[in-house]
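The values are calculated or read from the model by the stated rules, or taken from the named source; none is laboratory data. Here the structure is a predicted model, which is why all the values come from computation and not from measurement. All Cβ positions, even for glycine, are placed from backbone atoms using ideal geometry, and neighbour counts span all protein chains on display.
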Amino acid sequence: MDQEQILARISSMVDDERTLRDSLASGAIDEATERARLGVLERELDQCWDLLRQRRAKAEFGENPDEARVRPAAEVEGYRS
């Protein structure tokens, strides 16, 4: 995935988050369903942001950004700011 594709995927997932929250507010889904779906989306978003950061770092240091790979959610979720 190149940078534009990653950013498009992130944008799509943010839209999905809004849709889930709206669905909960309108009563179309329950809290448990929203929580489960949001959890999946949040993990995928974290992975996309991580991949984007990897690509940018590789480019900054003269490496091939196409060598960046999606890391497992457990690894990405374990990072601390």
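A count restricted to region 47-64 and to residues that are surrounded by fewer than 17 Cβ atoms within 10 Å (Cβ to Cβ) and part of a helix (DSSP H, G or I) stands at 7. If you check GLU44 against the conditions, is it buried (at least 17 other Cβ atoms within 10 Å of the Cβ) and either among the hydrophobic types (A, V, I, L, M, F, W, C) or without any contact (Cβ under 8 Å) to a residue 40 or more places away in the chain (or both)? Yes: the conditions hold for GLU44.
Looking at ALA74, ALA32, just one residue is exposed (fewer than 15 other Cβ atoms within 10 Å of the Cβ) and either part of a loop (DSSP other than H, G, I, E, B) or at pLDDT below 95 (or both), and that residue is ALA74.
Of all residues in region 32-66, which are charged (D, E, K, R) and either in contact with a Pro (Cβ under 8 Å, 6 or more places away or on another chain) or within 18 Å of ASP16 (Cβ to Cβ) (or both)? Outline the logic, then answer.
Looking only at region 32-66, we keep the residues that are charged (D, E, K, R), and these are 34-35, 37, 42-44, 46, 50, 53, 55-56, 58, 60, 63, 66.
The answer is GLU34, ARG35, ARG37, GLU42, ARG43, GLU44, ASP46, ARG55, ARG56, LYS58.
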